[in-house]
Every structure is written in C-alpha cells, then in structure tokens.
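Have a look at the structure below before the remarks.
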Amino acid sequence: MKIGNTFAAVAAIVSALGIASLSIAAGIDDPRRVDYFKTFEGKTIAFVPVTMGIDLTDGWASVLQAQADDLGMKFVIRDPHFSADAGAQAITALISEKPDVLIVHNPDIQSYAKLLKRAEEAGIHVIQVNMRSNYNSDAYVGADWIGIGEAETQAMVDRCGAGTSQKIAILQGQPTSGSDSGMMKGAENILAKHPEITVVSNQGADWDATKARTITATVIQQNPDLCGVVGFWDVMDLGAAAAIKESGKKIALVTSGGGEQMACDNVEKGVFDEEIAYPVLDQGHALAVMVQTVLQSGQPAGKNKFVIYTPSVRIAKETLHPGLCWSAQAIKKN
C-alpha cells in the first residue's frame, strides 16, 4: 500500500469512528515566570569571604556569579584577605550601601555578630556560609561540622585501636571559628565512647600550613609512637603531612576540606589517609538557592531562620572514582 493511501485509510477510520480531528497541543504559559525574573532583576548580592584565592571561596563565588549573570543581578566581593578588621570594615560599608543580600564567611563566632544584626536591622538579608557566628541570621548554608568532626575522629579511632599506641593529635585551624568549635564537639562525642584513645596534643595552626608543619613535627618528637593526626582543613594539613613524611614514621592523617581535586590526588598518593569533604560546588548551588529563597519569601530581613547542612563525602582509596572531586583549575578557565 502506498503512503498516501495509508493516510487516507487512517483518516477514513477516524471519521467512521467519530473521533475528533487530531491537532497539535497549544503551548501553556506559566503565570509565575514573569514575576520570578522581576524578583531578582537589579538586585545586589554582596559577598564577604575570609579571603579569596582559596578553593572554598573561589568555588562559591563562581556559582554565585553565574546565578547573578543569569538572573540580572549584581554580584560584588569585598575581600578582607584574612583580616577580621578589614572584614568588619567591609561589612560596615556594605550596610550603608544596602545590598539586597549579604553573604558572610565568618572568621570566628564573635567578630561580625553585632554587624550581622545591624545589617538585618537595615533591611539586608544575611546568609552565613560554612562558618557561622553567634548571631542567628536569615540563613546558614554549610557543612554539618559536628557530623564531620564525628566522622573524622571515628576514622582515626578505626586506625588507632588495639595494637597501636592509641595516641592521637588534633590539629585545629582557629579554635574560635564556627567550624572548629563544631568539629571539636563531634570529636568529643566520639572520644567519649573510646577512653582508650589518648589525645596527646590539641592545638590551632591558624589555617597556616607552615604552622601546622611545625606543630606536628614537635608533637612527633615528643611522642615518637604517635598513631595519627586529625586535621581540620586539608590545605593547612599539607603542612602536617610534610612533617609526617620527614619523620619517616607511619602516622595516619585524616582531614576535612572542600573536596577539590587536590584532596583526591593526595588520598591516592597516600599523603592523606582520608578526607571528609563538603563539596564546594554543591554548597555554592545551595547558596544560590538560598539567595532566591530569601528574596522570594516576602519576609523582612531577619524574620527567616533557614538552615541547610550540605552533605559530606568520604574520600578514601576505596571510594576514589572519576568525578568524585571538583577542579578549581576548571573554574578559573571558565
């Protein structure tokens, strides 16, 4: 049967059965779409990190900049370069400039607390990322530090049990930071269940790899049978890894970090035994969603109290696979 005859036959059957003529469905408009884009058009998002130039803040900023470009918003960064005083000055200036949303990466739990309250009183939505302050603002987006502290410490307990010295060291970054205070609570939760584990040192290295190297070398000298080190940030803990290598001893090193490619590379090479990661680009997307949420909420600044604890990922030799870590280098190329 020819194609033309086939179509004619089908048409005849449809007509005989009384079936209505077939037609292409009309498009359906979304009544929310116009208002959605109007909500964000012309808005300003300000970001005050601890510093730029590290995988965490560069990763978050890349996602936030892409969101701003897509939605017609302005995204500005005020970089205090690890200075809490410069950060306080930046926030004070931004309160006068009145951005719609202020995203803050706190250096510790106290330095910016009063300023964040002032910002919300001035009508600015405040989102705290990864390191909180004592002030409970519109939203916190970041790692579940207690959970990460528990996971890191349990990983070390598993390595330093019976048959070892059962001696470990804890290497904090800044003990007054929101991340360290949470991780220490998590560590304490696990250590309370394992009285056989002895913590021979618990010191802060101010997020500095050189200081971490010096502290770790001293601890190893004082405790030549040290079993392991629990570190609180992978970039800093490269210093601890160097001290362990120089000692020539087999000492475990468990750390945490943003899950950048260097973490996977160093686990693969045996520099780190394990990293409990909070993937930075996932956090960036959660931040972007929270920006949209507070702007669409219709609530005044300070009214909402949202929390998003971003999932963690275990990086160990047995979990390594392509794509597990993200690439800061790829972000810079884009």
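The values are calculated or read from the model by the stated rules, or taken from the named source; none is laboratory data. Note that the structure is a prediction, hence the values are computed from the model and not measured. FYI the Cβ positions are ideal-geometry reconstructions off the backbone, even for glycines, and counts take in every protein chain you see. Keep in mind that these areas ignore ligands, DNA and RNA; they rest on the heavy atoms of the full protein, side chains included. Shrake-Rupley method; radii C 1.70, N 1.55, O 1.52, S 1.80 Å.
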Kirkwood Rh and Cα Rg combined as Rg over Rh, evaluated for segment 213-273: 0.95
Rounded to 5, the percent of DSSP beta bridges in the chain classed as antiparallel: 5 percent
Hull volume in cubic angstrom per residue (convex hull over the Cα atoms of segment 63-175): 130 Å³
Signed unit charges on C-beta, dipole axis of the chain, positive-most listed residue 25, 252, 54: 25
Solvent-accessible area per residue for segment 262-315 (1.4 angstrom probe, square angstrom): 45 Å²
Extension gain (nm, one decimal) between residue 299 and residue 97, 0.36 nm per residue minus Cα-Cα: 70.7 nm
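Quick one: which of 95-105, 33-43, 235-245 comes out on top by average Cβ neighbours within 10 Å, and what's the full order, highest first?
235-245, 95-105, 33-43
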Proximal lysines to residue 117, defined as alpha-carbon separation beneath 30 angstrom and excluding residues fewer than eight positions away on the same chain: 38, 43, 74, 98, 185, 303, 305
Derived scalar couplings ³J(HN,Hα) [segment 49-58; Karplus, 6.51 cos²θ - 1.76 cosθ + 1.60; whole Hz; x for Gly, Pro]: x, 5, 6, 8, x, 10, 4, 4, 6, 5
Fraction of accessible area attributable to carbon and sulfur, the chain (%, probe 1.4 Å): 54 percent
Centroid-to-centroid separation of segment 257-334 and segment 20-73 [C-alpha atoms, Å]: 19 Å
Segment 90-99 - phi-based ³J(HN,Hα) in whole Hz, Karplus 6.51/-1.76/1.60, Gly and Pro as x: 5, 5, 4, 5, 5, 4, 5, 7, 6, x
Segment 154-282: C-alpha gyration tensor shape, a/c 1.5 cut-off, then a/b vs b/c: rounded
Potential extension, residue 292-residue 314 segment - 0.36 nm per residue separation minus Cα distance: 5.0 nm
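Convert 20 °C to kelvin, take the viscosity as 1.002 mPa s, use the Kirkwood radius over C-alpha pairs of segment 116-198 as Rh, and evaluate the Stokes-Einstein diffusion coefficient in µm²/s, rounded to a whole number.
148 µm²/s
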Estimated inter-spin distance, residue 83 and residue 33, nm [label 7 Å along Cα→Cβ]: 4.8 nm
Student exercise, the chain dipole from Lys, Arg, Asp, Glu Cβ charges, in Debye to nearest 20: 400 debye
Stokes-Einstein D in µm²/s, Kirkwood radius over Cα pairs - the chain at 25 °C with 0.890 mPa s viscosity: 110 µm²/s
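How do 272-284, 49-61 rank on mean C-beta neighbours within 10 Å, highest first?
272-284, 49-61
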Rounded FRET efficiency, nearest 0.05, which uses the C-beta distance separating residue 41 from residue 202 and R0 of 35 Å: 0.10
Packing rank of 83-89, 106-112, where each peptide gets the mean count of other beta carbons within 10 Å, highest leading: 106-112, 83-89
Percentage relative contact order, the chain, counting C-alpha pairs under 8 Å, at least six apart: 17 percent
Segment residue 194-residue 165, extension gain: residue separation times 0.36 nm, minus the distance between their alpha carbons: 9.1 nm
Percent RCO, i.e. relative contact order, over segment 218-334, from Cα pairs under 8 Å lying at least 6 residues apart: 26 percent
Viscosity 1.002 mPa s, temperature 20 °C, Stokes-Einstein D of segment 30-89 from Kirkwood C-alpha radius, µm²/s: 167 µm²/s
